[in-house]
Amino acid sequence: MPPPATDSTRILLTRLWREHLRQERAFFAPILLLTLLMAGATALYPVVIDHAFTMFADKDPRILYQIPVLVVVVSGLRAAAQYGQSVFVQKVVLRVIRTLQDRMFAHLVHADLARVEREAPAQLAARFTTDAAVIREALSRAVNGLADLFTLVGLFASMLWLDWLLTLIAVALYPLAGLPILRLGSRIRRASSGMQERVGEVATLLNESFAQARIVRAYRLEEAESARAGAAFNHLYAALYRMARNRARVDPILEVLGGTTVALVIGFAGWRAALGGHSIGNFTGFVAALLIASRPLRALGSLNASLQEGLAGLARVFAVIDEQPSILEAPNALPLPPGGGRVSFEHAGFVYPDGRAGLIDLSFEAEPGLTVALVGPSGAGKSTALALIPRLQDVTSGRVLIDGVDVRRLRLASLRDAIAYVGQDALLFDDSVAANIRMGRPRASDEAVKAAAAAAAAGDFIARLPEGYRTRVGTGGQRLSGGQRQRVALARALLRDPRILLLDEATSALDTESEAAIQEALARLRRGRTTIVIAHRLSTVRDADLVVTMAEGRAAEQGTHAGLLAGDGLYARLVRTQALAQ
């Protein structure tokens, strides 16, 4: 059963203070001072108006210069204080948001691969944009709410000074608005959470649709995509409308209450004036104070709605930060020992969170300097086996060893520094070609980068790019062809000079000439290193020293290409049915 709203609100606000706001307390003193100046200057307006009407009634000639000077001074003081307070508040708020974003990104970038893949990239991005925006709005409104509160206190003091009886009448009515506004706040918090989910869904759909633009046009899916987008927009519209409808109720409540208060005050003042009561100066100054108070009162009334939206976003952000990764470094983790990169699977098993078996009792040995090819139908567990080596996932039974040490006992940095991975879909970062290659070894020289590119048969096409190695490749490397992206990814792996090389059919998008050049480069790279490749091409498998044929998460057969063909088992059937392309 979830905690009551008040408890969860207190927990969130306490945590926000302890982990973020407390670090910014050096700014609190100037913010408080400037806020008090703003409130004090605003509270002086009714007193100035009262003084002006008194001088006007007395036909005092000083009204010609004294009141204008007072108005200019009060207005200037309030404007200067408002500017300074706004700048300091935004500085604090933006620093808090930046820190939240930093923490969330740092958590996600180190999180388990399964956790990151659980949500679409656009939904994760919404945490950094949509949620951050509502948190920023809530924090800003909360600080400004403090200014509104001080302003009301100042105006209340002015009203007491001008007419204490009218003040009591006015103040007695406003607490009546508290209960419906609090109820609306809880509704707005629920609606805000739903709205933010819908925003993430729409962003995911748009990202997917635009990324698949070629497929959409080639298969004439424009109408289907429009219908899918229309349904998502309808859900977002419903969520936004529900939240807007709840928020829209706040101002009318305060409007009716404010109008009722002014009407009662005017009626009572008129009745008292008929009996020979206070002067028009007092009454005019009091009504001015009452009208000036309507803006901060209205702001405070809508503050709860904004806070509830911000708390919903804050809860989602903290939920990401609090997720505990399952891939953890052991307390006494060891550096990777010297060795050639022998990889041993010993009865390795892996079960997905939903209970599906990914690997069952998988055992094989990959010796340094040799190449092991994992083959088999789709879903056989090849990619899962590859992911266990750099600990993108962890075995649920058995173990994986590198040079005799269980990978779970190794320091993650030491383990992953010894491995280079090239996937079938070679996605690149939106940076220069040189920067993408240098990710293999960040401190590599330009000469080493060019040497790696040449070894990966990428040097010639890079030289023909508009800015050579400084050419930006676009999001995901979209400005390059599939084969060019793979060659850049291979150059990155070559530059890393790894102990273990993992290839997920890394030459699948290459033409025959480029593949031949890369196979020659890979042959040189394999010397003294362990290479494990997921293979679909027969040309790749023929060169392997050991072929592990997998089916339903198990190693069905092991042996050389020629030996497995002679055995006429699963591997031979895959070759005959061209599951391994020629």
### Summary
Neighbour-count ranking for THR204, THR129 (other C-beta within 10 angstrom, fewest to most) reads THR129, THR204
### Summary
FRET efficiency for MET439 and ALA142 from the Cβ-Cβ distance with R0 = 51 Å, rounded to 0.05, comes out at 0.75
### Query
What FRET efficiency would be calculated for the residue pair PHE233, ASP60, taking the C-beta separation as r and a Förster radius of 51 Å, to the nearest 0.05?
0.20
## Note on the structure
Ranked from fewest to most other Cβ atoms within 10 Å of their own Cβ, TYR83, TYR469, TYR45 fall in the order TYR83, TYR469, TYR45
### Task
Arrange LYS59, LYS450, LYS382, LYS91 by Cβ neighbour counts within 10 Å, fewest through most, would you?
LYS59, LYS91, LYS450, LYS382
#### Entry: Zone of ALA562's modelled label, taken as backbone nitrogen in segment 531-556 under 20 Å from a point 7 Å along Cα→Cβ
538-549
### Task
Please find the FRET efficiency linking ALA330 to GLN90, where r is the Cβ-Cβ separation and R0 is fixed at 41 Å, and quote it to the nearest 0.05.
0.40
### Paired Rg and Dmax values of segment 12-153, which use every Cα atom, in angstrom
22.8, 81
### Message
How much of the pair distance distribution for segment 329-469 lies past 24 Å, counting alpha-carbon pairs only, in percent?
### Response
45
### Message
Given axes a ≥ b ≥ c from the Cα gyration tensor, I'd like to know whether segment 60-134 is rounded (a/c under 1.5), prolate (a/b larger than b/c) or oblate.
### Response
prolate
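Rule-based calculations on the coordinates, nothing more; no lab input. All figures in this text were calculated on a predicted structure; none of them were measured in a lab. Because the Cβ atoms are built from the backbone with ideal geometry, glycine has one as well, and the counts that use them run over all protein chains shown.
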